[in-house]
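Below is one structure; the comments refer to it alone.
Rule-based calculations on the coordinates, nothing more; no lab input. No experiment lies behind these values; they were computed from the predicted model shown. Backbone-built Cβ (ideal geometry, glycine too); neighbour counts: all protein chains shown.
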Amino acid sequence: MEASANRKALVAIDLGAQSCRVALLRWNRGEPEIDVIHRFANEPHRIGDELRWDIRAIFEGIRTGLHRCCASAPEGIASIAVDGWAVDYVRLDPAGNPVAAPFCYRDARTEAAEKKVHAVLSPSRLYSLTGIQVLRINTLYQLYADKIAGLDPCLAWLNLPEYITYCLCGHRVSEYTNATHTGLIGLGTHSWCQEIFDKLGLDVRAAPVIVPSGSVLGPVTGELANLPALRDTKLIAPACHDTASAIAAISAAGDDWAFISSGTWSLVGTVLDSPCVTSEARAMNFTNLGGVGGRVYFLKNVNGMWLLSQCLDELKRQGIASLLLPDLLAECASLPAPPVLIDIDDPQLMLPGHTIAKINSQVVGLGHPAFATNRASIPSLANTIFHSMAARYAEVLSAVSRITGKKLKRVFIVGGGSQNALLNQVTGQRTGLQIIIGSPESTTIGNFAIQLAALRQNRESSVGVSAKAVATWAEQILSGELVRTNGSNRS
């Protein structure tokens, strides 16, 4: 590590579909200390029949976090970078202000949009053009839903992490890893696919300029620029897709490993040097997401811990006391494997509401009794979800090995869901692979590693950073990692 004298701090902002956080990296005797300075809840809200995000509340939470970071870092802040979940976006009026609160990807409007898109461009054609899995939540279908609703297709748009970046520095860009998640990038390119825009009647001029991970965008502007700690602070585009930042934090040699980024969603796959678009990859709906340094994250989305959260929230609304996750896991650990597994990727389970009824429909259809909606049933319900998730992981990882030709031996589990010891154990049993538990803060670590790699270039740059440089910084951060929340050690 370099000497820490006079080294400025860094800020990583992570937008989550259930909570957002603002983290600060400072230097202590040459070693990085990471504090989660501010964490605030986030969830979509119903506005009539629509499911939308409160983008103003999200930005205010970030603003609060930045003020607290400035108070905690008298040495000043060198850079800020924002990552978050993919596909959702903000439409802007000609003055650069939001037209409306952004839709949540789980809004049902894309069910009709997906069918209309496929009537123009078949799923197979879309896959051949982009290499991206067909998911109705993709930005592609959301923009088409805007068109169906009569919204002007010329209105500019920005995915949510890049929108926050825009609010902080005034630069309207789309970072490459996040851009690929839209389903609008040409396969193997860093450019918007003109055929998709033309055939669907979308305006490519409304799309932002694409920049690589690690691009230095410019200084903080606006009211926050008056804070002494933010003088000369640079905004850096990390891997704006949170999973891409998390995977960038995995420092692993060899070609025998896969990953599970476990959180609201589980993203299960491996890292490749080039896209894989074989007929089997398309048939199994694998995706080729852009990675740091131009690499490819070949993966599938698997329903994640959001499924359990939906069930617990339903029971809570019915007045049934829930359990803290550690207590629930302890009760599940004493249970045998469930007699039945559910299809956790059933499209109906991707939509909010009536989740227990949807699970029971599957269970009863398989000849087993439904779960009762009471306190006593919670451990059995959770146990079924965990075992079903692990079984799905095993199916996907087996397909990854078969399609890519990799002989997988290890799987790194990163993200908040990596703290679920029971799920990790069952995953090891189901996959037969060595389970290596990464940091639950892997997204934040990857975000910081990309910033450090970009700053090392010591100049404003739009050429991005290499995967090797980022992995090196991530390894150095992890070797001295101290991640704290409100001053208490979390590592």
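Straight-line cross-link reach from K316 at under 18 Å between alpha-carbon atoms covers these lysines, not counting any fewer than eight positions away in the same chain: K358.
Once you reduce region 91-118 and region 20-52 to the center of their Cα atoms, the two points are 24 Å from each other. Of all lysines in the structure, those lying under 27 Å Cα to Cα from K407, and not within fewer than 8 positions of it along the same chain, are K300, K468. Extension gain, A149 to L335, is 62.0 nm, computed as 0.36 nm per intervening residue step minus the present C-alpha separation. Take the convex hull of the alpha carbons in region 107-183; its mean projected area over all directions comes to 5.6 nm². Multiplying the residue separation of Q194 and K407 by 0.36 nm and removing their Cα-Cα distance gives an extension gain of 73.0 nm.
Between the residues C240, S266, V220, the greatest Cα displacement towards the positive end of the dipole of region 153-277, with unit charges on the Cβ of Lys, Arg, Asp and Glu, is found for V220. Checking [x] 23.7; [y] 22.2; [z] 23.0 against Kirkwood radius over Cα pairs in Å calculated from these atoms, the matching label is [z].
Going by the alpha-carbon gyration tensor, a ≥ b ≥ c the square roots of its eigenvalues, is region 348-389 rounded (a/c under 1.5) or, if a/c is not under 1.5, prolate (a/b greater than b/c) versus oblate? Taking the square roots of the gyration eigenvalues as a ≥ b ≥ c, region 348-389 is rounded.
Subtracting the Cα-Cα distance from 0.36 nm times the residue separation, let me have the gained length for E31 to D256 in nm, one decimal. Write out the running numbers ahead of the final one.
On the way: separation 225, 0.36 × 225 = 81.00 nm, distance 3.06 nm.
My answer for the length gained is 77.9 nm.
Based on the reciprocal of the average 1/r between different C-alpha atoms, the Kirkwood radius for region 265-407 equals 16.7 Å. Under 19 Å of direct C-alpha separation, and excluding same-chain neighbours fewer than eight residues apart, K8 reaches these lysines: K234. Scattering from the C-alpha atoms of region 1-102 alone, worked out with Debye: what is log10 I(q)/I(0) at q = 0.22 1/Å? The Debye formula, applied to the Cα set alone, gives -1.12. Each Lys and Arg Cβ is given +1 and each Asp and Glu Cβ -1; about its Cα centre, region 285-408 then shows a dipole of about 420 debye. Every helix of 4 or more DSSP H residues in the chain counts as -39500 (n - 2.57), and over all residues that averages to -11000 deg cm²/dmol at 222 nm. Peptides 110-123, 226-239 ranked from most to least packed give 226-239, 110-123, packing being the mean of other C-beta atoms within 10 angstrom over each peptide's residues.
Let me spell out the model: positive unit charges on the Cβ of Lys and Arg, negative unit charges on the Cβ of Asp and Glu, origin at the Cα centre of the chain. What dipole size does that give, in debye rounded to 20? Working shown, then result.
Values: 43 positive and 43 negative charges, 75 e Å.
Charge dipole, the chain, about its Cα centre: 360 debye, nearest 20.
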